[in-house]
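Q: One structure coming up, written as structure tokens, with questions to follow.
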Amino acid sequence: MKRTQSCLYRTASGSAPYGHTATLPERESVPESSPLDPFCPDLRRVPFPSKLTGVELLKPGVRTDFQNHSNRLLEWARSQGKAHLMSSTSPAPPSSIDSIVVQYLDLLFFDGANIGNGEKVVAALRFLLPHLGVGPLKTELPRCARSLRSWKKLAPGHMRLPIPFEAVLLMAREMWIAHESLACLALLIQFDTYLRPGELCEIKVLQLIHAPGRSIVPGMQWGINVRPSGIGLPASKTGGRNEALLLHARCDLVLPILRALFANLPLDAPLFDLTVALYNKTFQAAAKCAKTAHLEATPYAVRHGGASRDYFEQNRAIADIKLRGRWVTEESARRYQKSALYQKQRGLLTSLQLKQSKEVLPFLRHQFLLVANHIQNAAKILQRKGQPVTASSLLSKARELAHPQH
């Protein structure tokens, strides 16, 4: 929805509106075969600087996203006769770039774009033109910084709402019933550990924290080593590596299956056999079946939900939540724990749903233990038949053995 000048006295940049004669380029993905622009190198094919405002961004999806934003910015700048300012071979002074880009941000604002689009434009620009540096934004592009701050105040981005634990349980049950066994395990573990969806889906068996060697020590607390060194994974969003997250005792229902998978899978095998896209698709389907779609939850909201529940129920102090969520500052941790919103979201569940959620833990605990007892036999059967032994195939075969058809 476009914003009009009548609803706001000033633009997002705090100045009179610019560019009324120009229109925004269509927001379409740039095809892989598109020719390289002399002013805008293809960000999918060149090595990126390792940091962007302290954050490592090396994933292909981020490169493609930045490429699309930079191409649209360049197309608009060309329509204004300002494309030369975007040259990476003869870079213009930051003040000149600041002057033209802030006009583009104003156009995005009045076109009704989300604040995230504006932030990505500036982020892509800083990758495209390395001479802008990686220091604080306000020192190189002060007008852009002021524009983004005003934009955020006038039209805040969509807030991720925390998902209550009761809704997580109802969705986990639906996943299990639909034979989405690994997604069910992943959801419960994500809520307990505050893992980001990308981190969750990348977990390998060797990242499980356990007793030395491959022995299983009863009663030992298990955990996950997030983004360990030496296995080809980039550092976490905040640049961290080898960050250990121990599973809480209330998440012990997943341990029988974790132990069995650990004992029967290669160390370099994926633990969940999930992509982020598949996890999101399964998540949304489970929300629909559990009648929790009205909570507008996403896989990333599970991270918010876990932190909010721990703070709301006083399971952890804010300092402990900050460490578990691996947030750099306490302020960041407070943005993620939303205890008031957590209560509001919980209040959107019906009394029947709250009652049913209490029955899920015993149900899943029984099912997990039953299936875990058949995983070793499942591995032998798959090996004997020459079939691949993966987490997905193990659980599928183990469920067949646990519930033989009569």
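Q: Going through segment 373-389 one residue at a time, which ones are free of Cβ contacts under 8 Å to residues at least 24 places away in the same chain, open to solvent by 50 Å² or more (accessible area, probe 1.4 Å) and assigned to a helix (DSSP H, G or I)?
A: LYS380, GLN383, ARG384
Q: All but one of (1) surrounded by 15 or more Cβ atoms within 10 Å (Cβ to Cβ); (2) polar (S, T, N, Q); (3) more than 23 Å from LEU208 (Cβ to Cβ) hold for THR329; state the number of the condition that does not hold.
A: (1)
Q: Further question: Which one of these is of a type in the set (Lys, Arg), open to solvent by 10 Å² or more (accessible area, probe 1.4 Å), touching an Asp or Glu at 6+ places or on another chain (Cβ under 9 Å) and more than 30 Å from ALA379 (Cβ to Cβ): LYS338, LYS322?
A: Just one listed residue meets the conditions, LYS322.
Q: Out of all the residues in segment 306-317, is one or more farther than 27 Å from GLN353 by Cα and either surrounded by fewer than 16 Cβ atoms within 10 Å (Cβ to Cβ) or not β-branched (Val, Ile, Thr) (or both)?
A: Looking for residues that are farther than 27 Å from GLN353 by Cα and either surrounded by fewer than 16 Cβ atoms within 10 Å (Cβ to Cβ) or not β-branched (Val, Ile, Thr) (or both), one finds at least one in segment 306-317, hence yes.
Q: LEU394 - would you say it is part of a helix (DSSP H, G or I) and under 24 Å from GLU199 (Cα atoms)? Steps first, answer last, please.
A: Values: part of a helix (DSSP H, G or I): yes; under 24 Å from GLU199 (Cα atoms): yes.
When the stated conditions are applied, LEU394 passes them.
Q: Among the residues of segment 331-341, is any over 25 Å from ALA249 (Cβ atoms), hydrophobic (A, V, I, L, M, F, W, C) and assigned to a helix (DSSP H, G or I)?
A: For segment 331-341, residues over 25 Å from ALA249 (Cβ atoms), hydrophobic (A, V, I, L, M, F, W, C) and assigned to a helix (DSSP H, G or I): present.
Q: Further, regarding this structure: From the residues in segment 397-406 that are open to solvent by 80 Å² or more (accessible area, probe 1.4 Å) and assigned to a loop (DSSP other than H, G, I, E, B), which one is farthest from LEU267 (Cα to Cα)? Give the steps one after another, and end with the answer.
A: Residues of segment 397-406 that are open to solvent by 80 Å² or more (accessible area, probe 1.4 Å), as a first pass: 400, 403, 405-406.
Of the ones still in play, those that are also assigned to a loop (DSSP other than H, G, I, E, B) are 403, 405-406.
Numbers: HIS403: 28, GLN405: 32, HIS406: 36 Å.
Top of the filtered list is HIS406.
Q: Tell me, please, whether a residue that is over 28 Å from the mean Cα position of the chain (by Cα), closer than 22 Å to PRO266 by Cβ and open to solvent by less than 70 Å² (accessible area, probe 1.4 Å) can be found in segment 357-372.
A: Looking for residues that are over 28 Å from the mean Cα position of the chain (by Cα), closer than 22 Å to PRO266 by Cβ and open to solvent by less than 70 Å² (accessible area, probe 1.4 Å), one finds at least one in segment 357-372, hence yes.
Q: Given (1) within 22 Å of ALA244 (Cα to Cα); (2) at pLDDT 90 or above, where does GLU330 come up short, assuming only one miss?
A: Every condition holds for GLU330 apart from (2).
Q: Hey, can you tell me all the residues within segment 100-119 that are open to solvent by 30 Å² or more (accessible area, probe 1.4 Å) and modelled with pLDDT of 85 or more?
A: Residues satisfying the conditions are GLN103, GLU119.
Q: I'd like to verify a number: residues in segment 130-168 that are among the β-branched types (Val, Ile, Thr) and at pLDDT 75 or above, how many?
A: 2
Q: Could you look through segment 244-301, keep only residues that are in contact with a strand residue (DSSP E or B) (Cβ under 8 Å, 6 or more places away or on another chain) and assigned to a helix (DSSP H, G or I), and pick out the one that is farthest from GLN383 (Cα to Cα)?
A: Looking at residues that are in contact with a strand residue (DSSP E or B) (Cβ under 8 Å, 6 or more places away or on another chain) and assigned to a helix (DSSP H, G or I), I get LEU258.
The values are calculated or read from the model by the stated rules, or taken from the named source; none is laboratory data. Just so we're clear, the structure is a prediction, and the values are computed from it rather than from any experiment. Positions of Cβ are backbone-derived with ideal geometry, glycine not excepted, and every protein chain shown enters the neighbour counts. Side chains included, ligands, DNA and RNA excluded: accessible areas come from the protein's heavy atoms. Shrake-Rupley method; radii C 1.70, N 1.55, O 1.52, S 1.80 Å.
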